[in-house]
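A.B. asks: Just passing along the structure, written as structure tokens.
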Amino acid sequence: KQWYQRRVRVGEGGTAKKFDQKLIKDLEEQQTVAHQKILELQNQRLVIMNLIKKAKGTILDNNSEEDLSEEETTVDNEEVDCVICGMACTDKNAVRHMERCYNKFESKLGLGSTVKCHVTWESPVCDAYDRQQGTYCKKLRVLCPDHNKEKEEHDGICGCPLNLTEITEDGAVCHKGKRACNKHTGWEKLRLAEIDMERVLQDLKLEDSFEEMRKVKYRMAYRSNLLQILLNGTISHAAPESSVT
């Protein structure tokens, strides 16, 4: 009798059921927002790749390239200390020197897992298999110094968008030579890494929301079973007729 009354109350819609239904609705909204964000990040990545391709295909005219002013040349000759190794280097080569130091220290750090990522789109992580360790590399693909060797700089233009807040394929870009531009060194790698890192965070949010929804649905399905009644059911003896809650 108690089990029957409890199932009737749950079917009519108790407070716990309404709370779980609202929680499921909120989780579905979070998943929709995360999916939309992932689509936006994929479109942004496609725009960046098209800009890189266009920059490599643009022939640089050495005669039309602007010469550095005396002030810029003086600044490039100033020495700065590397924030990683502490070695003194010129301001012109500081960014490239720090990137090499970063790659050396990053290679010493192991970040791997025995499970490979199974996704329908291109994985943002490296996932290169290490036979000695028996693990898959879980560093970002574009920043992995072990399995994503830095390619030689092309002879085209820099191609860095001048408006980084809203990057479009038709926007203004830097037309200095790729080898001569010290202001936008490695902008492609940094921008792609930023997009991939944001996509990984969105994937983690989706995974957490799916797991939370699974727990909520399991709780709703087994709320009115006999074991739950024995452990959590109460009988109100003060009422005219005994009722199970």
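A.B. asks: Between Gln133 and Thr15, how high is the FRET efficiency from 1/(1 + (r/R0)^6) when r is the Cβ-Cβ distance and R₀ = 41 Å? Nearest 0.05.
C.D. replies: Efficiency for this residue pair is about 0.20.
A.B. asks: Solvent-accessible area per residue for region 124-187 at a 1.4 Å probe radius, Å²?
C.D. replies: 62
A.B. asks: Can you list, largest first and rounded to whole Å, the semi-axes you get for region 81-226 by taking the square root of 5 times each eigenvalue of its Cα gyration tensor?
C.D. replies: One finds semi-axes of 40, 22, 14 Å for region 81-226.
A.B. asks: Which chymotrypsin sites (Phe, Trp or Tyr not before Pro) does region 79-151 hold that lie in a coil by DSSP with at most 15 other beta carbons within 10 Å?
C.D. replies: Here the sparse-neighbourhood loop sites are Trp121.
A.B. asks: To continue, here is another question. Name all residues of region 184-221 having a backbone nitrogen under 18 Å from the label point set 7 Å from the Cα of Arg96 along its Cα→Cβ direction, giving them as ranges.
C.D. replies: Zone members listed by number: 184-190.
A.B. asks: Further question on the same structure: Could you look at region 118-212 and say what percent of its accessible area is carbon and sulfur, using a 1.4 Å probe and all protein chains?
C.D. replies: Of all accessible area on region 118-212, carbon and sulfur atoms account for 51 percent.
A.B. asks: Here is a follow-up. Separation between the Val33 and Glu169 pseudo-spin-labels, each 7 Å from Cα along Cα→Cβ, expressed in nm?
C.D. replies: Computed distance between label sites Val33 and Glu169 equals 3.1 nm.
A.B. asks: If packing is taken as the average count of other Cβ atoms within 10 Å, what order do 174-181, 38-45, 208-215 fall into, highest mean first?
C.D. replies: Listed from highest to lowest mean packing, they are 174-181, 38-45, 208-215.
A.B. asks: Would you check region 146-216 for Lys pairs whose C-alpha atoms are within less than 27 Å, ignoring same-chain pairs closer than 8 in sequence, and give me the count?
C.D. replies: Count of close lysine pairs: 12.
The values are calculated or read from the model by the stated rules, or taken from the named source; none is laboratory data. Being a predicted model, the structure only gives us computed values, none of them experimental. Note: ideal-geometry Cβ built from the backbone for every residue, glycine included; neighbour counts use all protein chains shown. When the accessible area is computed, the model is the full protein with side chains, heavy atoms only, and any ligands, DNA or RNA have been set aside. Shrake-Rupley method; radii C 1.70, N 1.55, O 1.52, S 1.80 Å.
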